[in-house]
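The values are calculated or read from the model by the stated rules, or taken from the named source; none is laboratory data. For clarity, every value in this text was computed on a predicted model and none was experimentally measured. Backbone-built Cβ (ideal geometry, glycine too); neighbour counts: all protein chains shown. Side chains are part of the model used for accessible areas, which takes the heavy atoms of the whole protein and leaves out ligands, DNA and RNA. Shrake-Rupley method; radii C 1.70, N 1.55, O 1.52, S 1.80 Å.
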Amino acid sequence: VQNGLAHFHSVHAYLGVAASVWQLLQVLVGLTMWATPALYGGDANARSVWKYHRASGYGLLLLYAATVLSATQTDFVIAALGLDRLYTPV
């Protein structure tokens, strides 16, 4: 715990980890399809996996968008931008 604040407790944190792991898997599959198509049973089979790889990339893009949007609701951003004052009665 740094500065007396809890860390890694927001939706943003969990989405970020999920997106990072998914990105790593996406890169590994893409790299192996390109560099070693024999792992997929040949060039034709590796090319047939590509449509799933591409669809996965679009899903990953949506996950990154959700991660960025969820950052607006973190304690740090709310405090740093003074958004907590918007919710207090006058």
Value of Rg/Rh across the range 4-44 [Cα atoms, Kirkwood radius]: 1.34
Efficiency of FRET between L24 and L81 - r from beta-carbon atoms, R0 22 angstrom, step 0.05: 0.10
Heavy-atom accessible area ranking, 1.4 Å probe, most first, across T32, T67: T32, T67
Space enclosed by the convex hull of the alpha-carbon atoms of the range 27-86, per residue, Å³: 79 Å³
Heavy-atom accessible area order for H9, H53, largest first, 1.4 Å probe: H9, H53
